[in-house]
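Asks: Structure provided below as structure tokens; questions to follow.
Throughout, read-outs are computed from the coordinates displayed, never taken from laboratory work. As the structure is a computational prediction, the values presented were derived from the model and not from experiment. Here Cβ is always computed from backbone atoms with ideal geometry, including for glycine, and neighbour counts include all displayed protein chains.
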Amino acid sequence: MVQENNRTRRDFLASAALTIGAVGFGMTASAKTRSGVRRELASLVDATTWLNSQPLTAAALNKKTVLVDFWTYSCINWRRQLPYVRAWAEKYKDHGLLVVGVHAPEFSFEKSVDNVRWAAKDMHIDYPIVIDNDRAIWRAFNNEYWPALYFVDAKGHIRHHVFGEGQYEQSEVVIQRLLVEAGNGGIPNGLASVDARGAEAAADWDDLGSGENYVGYERTENFASPGGIKADKAHVYAVAGQLRRNHWALSGNWTMGREAVVLNEPNGRVAYRFHARDLHLVMGPAAPKTPVRFRVLIDGQTPHVAHGVDVDEQGNGTVTEPRMYQLIRQPRPISDGQFEIQFLDAGVEAFSFTFG
């Protein structure tokens, strides 16, 4: 959890009461429909696909304190924020708070409603989710971040926002203040109890020396296989010895596309030299419901106690659906390590590395 600043709770309550902008849901605050309902609600009300809820109407949103959470289900930063949002939704649902998750996909597989539905069930998300595949709501908010939280008062005004992880205590204080302003009584005191485990646990920021890196050619950095990238065609790549920190390489027959790399033959490998407690890889089977077996090594050895939640102590795992897989969680002390994943079957599709 990010360290909070030194302002007192009273100071923060005062600042949280200020309207950050007279803009709600991407529309001007003065814009109203003929019925008097603020058009700020339009970007949500006009959405067509909802999970965990019937489509929310203007009447359902009217006079509600709304927490809008922009997410995409393979994002590690959002995963580490999720236990807090989930806890707030549960704690304040009977006190006037409505949490709405706006799923705005980053990768093509996240546009599948079935994939989002599976992810929501797997991650125990019960609050309403709106599917924003064309980014209409994203644009209405002028949003640029995953995750992003927008705190909307009962009059439809955005009163506070948080981009990225952290600021959890301040965020809950804002929620409490907006609920009180809306006339809700009996607001629970204190902060919600949060149990963040596995991939949802806070990052080890002090030891984090590696940042997100995509493996499709459009956005990748530090690709180190000899001969470089061969875009959009099958090619036999190789790993040349020990890599420099935050450099990566392929070995075997792969096709590197704009968004992802796809393994064409069994026993292909990906190597990455990193400095972090956790290593994750967003990946999935290129053909749906076609599992791909893999084995993970770190510095040439099985991970044992350094294994992530998606592998066993011997480094064995299986890719079964497109999502983020936690492959390494190391005990301290943390030093540079060379990660390697070998896929025993062809047909894996890999998108990005993230760390924590």
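Asks: If each residue of separation counts as 0.36 nm, what is the full-extension length gain between Arg293 and Ala182 once their alpha-carbon separation is subtracted?
Replies: 34.7 nm
Asks: In degrees between 0 and 90, to the nearest 10, how far off the longest principal axis of the chain does helix 168-181 point, with axes built from Cα atoms?
Replies: 20
Asks: Springs between alpha-carbon pairs under 10 angstrom, Gaussian network model over the chain: which of Gly101, Gly300, Gly337 fluctuates most?
Replies: Most flexible of the set in this elastic network: Gly300.
Asks: Roughly how many nanometres apart are two label points built 7 Å out from the Cα toward the Cβ at Glu144 and Ala240?
Replies: Once both label points are built, they end up 3.7 nm from each other.
Asks: Would you mind checking the tilt of helix 76-92 against the longest principal axis of the Cα atoms of the chain, expressed as 0 to 90 degrees and rounded to 10?
Replies: For 76-92 against the chain, the angle is about 30 degrees.
Asks: Also, quick follow-up: Please report Rg (one decimal) and Dmax (integer) in Å for the Cα set of the chain.
Replies: 22.2, 69
Asks: If you plug each phi of segment 189-196 into the Karplus form 6.51 cos²θ - 1.76 cosθ + 1.60 with θ = phi - 60°, what whole-Hz ³J(HN,Hα) values come out, in order, with x for Gly and Pro?
Replies: Karplus values, whole Hz, x for Gly and Pro: 7, x, 9, 5, 7, 10, 10, 9.
Asks: Counting pairs of alpha carbon atoms under 8 Å apart in space and at least six apart in sequence, what relative contact order in percent does the chain give?
Replies: 16
Asks: Grab the DSSP H runs of the chain that are 4 residues or longer, score each as -39,500 (n - 2.57), total them, divide by all residues and round the 222 nm result to the nearest 500 deg cm²/dmol.
Replies: -5000 deg cm²/dmol
Asks: Okay, next question. Quote the charge dipole size of segment 210-267 about the Cα centre in Debye, to the nearest 20; the model charges only the Cβ of Lys and Arg (+1) and of Asp and Glu (-1).
Replies: So the magnitude is around 180 debye.
Asks: Quick check: the distance between the Cα centres of segment 75-101 and segment 306-341, to the nearest angstrom?
Replies: One Cα centre to the other: 27 Å.
Asks: Working out 0.36 nm times the residue gap between His304 and Asn267, then minus their Cα-Cα distance, what length gain in nm do you get to one decimal?
Replies: Between His304 and Asn267, full extension yields an extra 11.2 nm.
Asks: Rank-order 140-152, 185-197 by packing density, defined as the average count of other C-beta atoms within 10 Å over each peptide's residues, highest first.
Replies: 140-152, 185-197
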